1. Quick one: would you say residue 172 is surrounded by 13 or more Cβ atoms within 10 Å (Cβ to Cβ) and farther than 28 Å from residue 45 by Cα?
2. Go through (1) over 23 Å from residue 163 (Cα atoms); (2) β-branched (Val, Ile, Thr); (3) not in a strand (DSSP E or B) for residue 86 and report which single condition fails.
3. Any residue at all in the stretch 223-235 that's under 26 Å from residue 157 (Cβ atoms), among the charged types (D, E, K, R), part of a loop (DSSP other than H, G, I, E, B) and open to solvent by 70 Å² or more (accessible area, probe 1.4 Å)?
4. Residue 44 - would you say it is open to solvent by 20 Å² or more (accessible area, probe 1.4 Å) and either modelled with pLDDT of 90 or more or part of a strand (DSSP E or B) (or both)?
5. Please work out which residue is nearest to residue 143 (Cα to Cα), limiting yourself to the stretch 50-83 and to residues that are outside any loop (DSSP other than H, G, I, E, B) and in contact with a helix residue (DSSP H, G or I) (Cβ under 8 Å, 6 or more places away or on another chain).
6. Could you tell me which of the residues 35, 21 is modelled with pLDDT of 90 or more and either more than 30 Å from residue 164 (Cα to Cα) or part of a strand (DSSP E or B) (or both)?
7. Would you check which residues across the stretch 207-221 are part of a helix (DSSP H, G or I) and either more than 33 Å from the chain's Cα centre (by Cα) or surrounded by 16 or more Cβ atoms within 10 Å (Cβ to Cβ) (or both) and list them?
8. Can you say whether residue 28 is crowded, with 16+ Cβ neighbours inside 10 Å, of a type outside the set (Ser, Thr, Tyr) and under 15 Å from residue 108 (Cα atoms), as far as the supplied structure shows?
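The values are calculated or read from the model by the stated rules, or taken from the named source; none is laboratory data. Every value quoted in this text rests on a predicted model; they were computed, and no experiment measured them. So basically every Cβ, Gly included, is an ideal-geometry build from the backbone, and we count neighbours across all protein chains shown. Side chains are part of the model used for accessible areas, which takes the heavy atoms of the whole protein and leaves out ligands, DNA and RNA. Shrake-Rupley method; radii C 1.70, N 1.55, O 1.52, S 1.80 Å.
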Amino acid sequence: AFNFPPQLPRTPDSTLAPIEGTADSTGVTAVKFQGEEHWTLKLTLEAWRLVGGTVQDSPLSLRQQVTAEDLEFCKRTLQPFGQFRIQVRLLMGDGGTGPEALLEAIPLAIDDHDLRERTRQLQLPVTYQDELFGTCLFDKQSKWFDAKANWNETEVRVYLSAESTDALPSVLEHAYELWRNAVSWSSRVSDRAVDDLLELKNKTWLESCEHAVSADEFKQRLSLQSVRIDKDAAFEFCFADGDLF
C-alpha cells in the first residue's frame, strides 16, 4: 500500500473499495513541486466499476502522493487503455469536477471482457464531418479536434478545442465567424506581430551582416501554420518566423 503523507489524509467522507477500470489515453502523469518529498501521481479511468458492479461512463480521477520508486512502477504498469483492479478510497464530497479517489494500493493488471470491449471502443477514432473544415479528428490526449482548412489561399491546420462531438458545433460557430472575416483578421494579426516583435528583432536579433527589417519585410517572412479556436471564441495564430529569430 502507499504511504499517506500529511497532505492527503484519510477522511471520514471517503469509502474504501476495490474497483476495476480502463485507463484513458494519457496514462500516468505526475507532478512534484520544489520542496515536496513525494510525487503526486494522477490517473484517469475512462470507464470503471466497483468490483461486481456495472461499468460507469463518468471518468474517475485517481491521485495519490507516492515515492519515486512507486511512481516508476506505476508508469510501467498503468499503460494507456490498460485494464486494472485497484484498491481506492472513493471521495464522497462534491469536488465539482467529477468522481475522485485516492489510490490505496499498487494496481493489478487484469483482462476483463466488458472492459476490453470498452477499451476497444475508446481506441476507435472519433471524427466529425464539417462542410468547411472537412474531417475533424478528435485528439484524445489534447482534447481538441484536428482539421485542415484554407485561410486566404493557404492551407493551415485548425485545432478546435472541444472535448466531445456534442461540444464541437459551438466551437465551429466561432471558427466560421473567424473565417468569414479572414482578410480583416490576417491584416490585424500581422500588424499585431509587427507591433509586438519588430523592435525586438531589429534591436537584439539582427545577424552581423543583416540590415534592419522593415514592417513589410517582417510580415512577408511570416508563414501561418495553424489556428486554434476554443469554446469562448478565443483564438491563437501560430506562424513560422522565416528565420527572423
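1. Yes.
2. With (1) over 23 Å from residue 163 (Cα atoms); (2) β-branched (Val, Ile, Thr); (3) not in a strand (DSSP E or B) applied to residue 86, the lone miss is (3).
3. yes
4. Judged against the criteria, residue 44 is a match.
5. 83
6. On inspection, the qualifying residue turns out to be 21.
7. 215, 216, 217, 218, 219
8. Yes: the conditions hold for residue 28.
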